[in-house]
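The values are calculated or read from the model by the stated rules, or taken from the named source; none is laboratory data. Because the structure is predicted, anything quoted here is derived from the model rather than measured. Every residue, glycine as well, gets a Cβ built from its backbone with ideal geometry; the counts of neighbours run over all protein chains shown.
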Amino acid sequence: MNKTNFFKRQLPWIVMAFLALGVAIVAVAPYVTFNPANFNNATARYATETPLRQAGLYTHAFAAGIALILGPFQFLNRLRQRKPTLHRWMGRIYLVGILLGGLSAFLIAPGMISGLVGEIGLMSLAVLWLVTGWKAYASIRAGNVIAHREWMIRSFGLTFAAVTLRLWLGILIGTQVPFLATKYAGNFDALFVEAYRVVMWLCWVPNLIIAEWIVQRRRAPQAAVRKSLNPFQA
Ligand code: HEM
């Protein structure tokens with residue numbers, strides 16, 4: 001394979017890894033200061049939250065951030081083949097990141113500025129995140145590599161919600177700003193809350209659909225090979 005073809009084939013991974021690393025660094029950075037004065041519109045409320053909920057936010061941001069950084073590297077064939085032990089350890093850390101990030105999400109979701117609709121959206125995401133992570137782990141422990149790969153695709157599709165959340169939020173705010181005066185009476189906070197509520201679903205439902213499409217597309221050639229080996233198979 002020449003260099004141009006190699007680059008073309010790797011381009012989706014490069015874009016995905018770049019966005020994942022970028023968001024993990026930019027989104028988590030304010031929480032490294034442990035100072036609510038540096039937080040954003042959505043999390044400024046933590047200045048008056050209980051220490052337990054503040055600890056939940058920090059645990060969530062750091063653990064989920066680590067999962068987002070490690071996730072893309074788990075899909076590199078070369079890394080998996082040449083450094084299987086590294087793949088295994090990164091996978092374990094990724095899954096611990098999901099476990100801590102997912103459980104702490106239940107601690108911080110109640111009271112979000114997006115209200116109940118947004119809270120249900122993110123808690124559904126947290127449940128699916130924990131379930132897909134568990135399935136990815138259970139299938140590899142059972143020695144089922146194909147199922148493990150499929151569950152990891154679904155799992156990372158959900159982890160990637162951290163990226164799509166911020167992209168969609170930017171798009172929704174950008175498209176609503178022209179209506180700030182007419183629809184929101186000039187109140188930017190009202191506009192932000194509306195966009196935030198929608199994004200709590202928009203950040204992960206399309207990701208899961210795309211992940212499932214990737215899984216099914218990969219399955220098709222495998223099914224064709226099985227059929228050619230067994231022409232009597234329906
Ligand atoms: C995929 C499952 C995830 C769920 C269910 C989830 C859930 C939540 C919840 C409930 C909040 C509180 C929001 C608020 O108070 O308004 C939050 C905030 C946050 N999450 Fe997640 N999250 C997930 C993934 C991630 C990932 C992968 C990252 C990695 C960067 C991440 C980083 C953050 C950060 C930095 C915040 C603070 C808010 C902000 O600065 O935008 N989350 N998340």
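Could you grab the pairs with beta carbons closer than 6 Å, sequence gap of 6+ or different chains, first residue in region 211-224 and free of Cβ contacts under 8 Å to residues at least 60 places away in the same chain, second one surrounded by 11 or more Cβ atoms within 10 Å (Cβ to Cβ) and in a helix (DSSP H, G or I)?
Partner pairs satisfying both residue conditions: Ala211/Ile153; Ala211/Arg154; Ala211/Gly157.
If I ask for residues that are in contact (Cβ under 8 Å) with a residue 60 or more places away in the chain and either surrounded by 20 or more Cβ atoms within 10 Å (Cβ to Cβ) or under 15 Å from Arg53 (Cβ atoms) (or both), which ones from region 116-131 would you list?
Within region 116-131, Gly118, Glu119, Gly121, Leu122, Leu125 qualify.
For region 16-52, enumerate the residues that are part of a helix (DSSP H, G or I) and crowded, with 17+ Cβ neighbours inside 10 Å.
Ala17, Leu19, Ala20, Val23, Ala24, Ala27, Val28, Tyr31, Pro36, Tyr46 - these are the residues of region 16-52 that are part of a helix (DSSP H, G or I) and crowded, with 17+ Cβ neighbours inside 10 Å.
Out of (1) at negative phi; (2) not in a helix (DSSP H, G or I), the odd one out for Gly143 is which?
The one condition Gly143 does not meet is (1).
Yes or no: Arg78 within 26 Å of Arg9 (Cβ to Cβ) and modelled with pLDDT under 95?
yes
In this structure, is Arg166 assigned to a helix (DSSP H, G or I) and away from the ligand (no atom under 11 Å from the Cβ)?
No.
Of the residues Leu86, Leu68, Leu107, only one is without any contact (Cβ under 8 Å) to a residue 60 or more places away in the chain and closer than 17 Å to Leu130 by Cα; which?
Leu107
Counting just the residues of region 37-48 that are without any contact (Cβ under 8 Å) to a residue 24 or more places away in the chain and either more than 8 Å from the ligand (Cβ to nearest atom) or among the acidic types (Asp, Glu) (or both), which one comes out farthest from Met16 (Cα to Cα)?
The selected residue is Thr48.
With the structure loaded, tell me whether Trp134 is surrounded by 22 or more Cβ atoms within 10 Å (Cβ to Cβ), of a type in the set (A, V, I, L, M, F, W, C) and either near the ligand (Cβ under 8 Å from one of its atoms) or assigned to a helix (DSSP H, G or I) (or both) or whether it fails that test.
Here the answer is no, as Trp134 does not meet what is asked.
Considering only region 27-64, state which residues are among the β-branched types (Val, Ile, Thr) and more than 15 Å from the chain's Cα centre (by Cα).
Selection gives Val32, Thr33, Thr43, Thr48, Thr50, Thr59.
Take region 83-115 and flag every residue that is over 15 Å from the mean Cα position of the chain (by Cα), within 13 Å of the ligand (Cβ to nearest atom) and either surrounded by fewer than 19 Cβ atoms within 10 Å (Cβ to Cβ) or not in a helix (DSSP H, G or I) (or both).
Phe106, Leu107, Ala109, Pro110, Gly111, Met112, Ile113, Ser114, Gly115
Being modelled with pLDDT of 95 or more and hydroxyl-bearing (Ser, Thr, Tyr), is that true of even one residue in region 159-166?
For region 159-166, residues modelled with pLDDT of 95 or more and hydroxyl-bearing (Ser, Thr, Tyr): present.
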